[in-house]
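Structure first, then comments.
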Amino acid sequence: MKKKESGFTLIELLIVIAIIGILAAIAIPNLLNAVQRGKQKRSMSDMRAIATAVEAYAVDLNYYPTAAGCSTYPYTTVGTAIDDSSWSQLSPTYIGNPPRRDGWSNLFGYSRNVSGNDYLIQSRGRDGASTGFIALVCGTTTNFNDDIVYSDGTFIQWPEGPQQ
């Protein structure tokens, strides 16, 4: 009597490999999109944390802080990049360790007006290039490269919907 051999045929293996390939082709772009969306959301959360500390500072002193460590080096242009020595006015009283970089490891931008009554926090997005205040969409954006802008307690430009 002949023993029947067990195992998979070449056709069965090719079908399984094709199915895995199709699933990977669907899953990988969604995964990459989710990673970028996570960086956006992290940046937005960090911006809210900075804004909360800035608002608490303003409640105590009646004006918004400069981003630099001393008042002789104020940022008065929109979205000037802060550096690692910034926020000494906020730390540790208003926020323990203020975030200085967004989800893409670019420095946040911060500015206030000359009178100290308004402020702006900016993430320059995936590409790290500032679009400038005049070019802002002032609403939702669907591009990971677009800036995320928070001013005076609300987002001016933010990501929403399917991203590119």
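The values are calculated or read from the model by the stated rules, or taken from the named source; none is laboratory data. None of these values were measured; they are calculated from a predicted model. For neighbour counting, all protein chains shown are included, and Cβ atoms are generated from backbone atoms with ideal geometry for every residue, glycine included.
Computed values, structure above
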quantity: Lone unmet requirement of (1) in a loop (DSSP other than H, G, I, E, B); (2) under 16 Å from the mean Cα position of the chain (by Cα); (3) polar (S, T, N, Q); (4) surrounded by 14 or more Cβ atoms within 10 Å (Cβ to Cβ) for Ser105; calculated: (4)
quantity: Condition met for Asp146 (buried (at least 22 other Cβ atoms within 10 Å of the Cβ) and part of a loop (DSSP other than H, G, I, E, B)); calculated: yes
quantity: Residue pairs meeting the criteria (Cβ under 7 Å; at least 6 apart or on separate chains; first part of a helix (DSSP H, G or I), in segment 10-33; second surrounded by 10 or more Cβ atoms within 10 Å (Cβ to Cβ) and not β-branched (Val, Ile, Thr)); calculated: Asn33/Gln163
quantity: Test: residue in segment 135-142 that is outside any loop (DSSP other than H, G, I, E, B) and buried (at least 18 other Cβ atoms within 10 Å of the Cβ); calculated: yes
quantity: Count - residues of segment 57-81 that are assigned to a loop (DSSP other than H, G, I, E, B), more than 12 Å from Arg112 (Cα to Cα) and at pLDDT 70 or above; calculated: 1
quantity: Residue check for Ser111: under 15 Å from Ala51 (Cα atoms), modelled with pLDDT under 85, touching a Phe, Trp or Tyr at 6+ places or on another chain (Cβ under 6 Å) and among the polar types (S, T, N, Q); calculated: yes
quantity: Segment 92-133 - residue that is of a type in the set (Ser, Thr, Tyr) and touching a residue at least 60 places away in the same chain (Cβ under 8 Å) and, of those, farthest from Ile82 (Cα to Cα); calculated: Tyr119
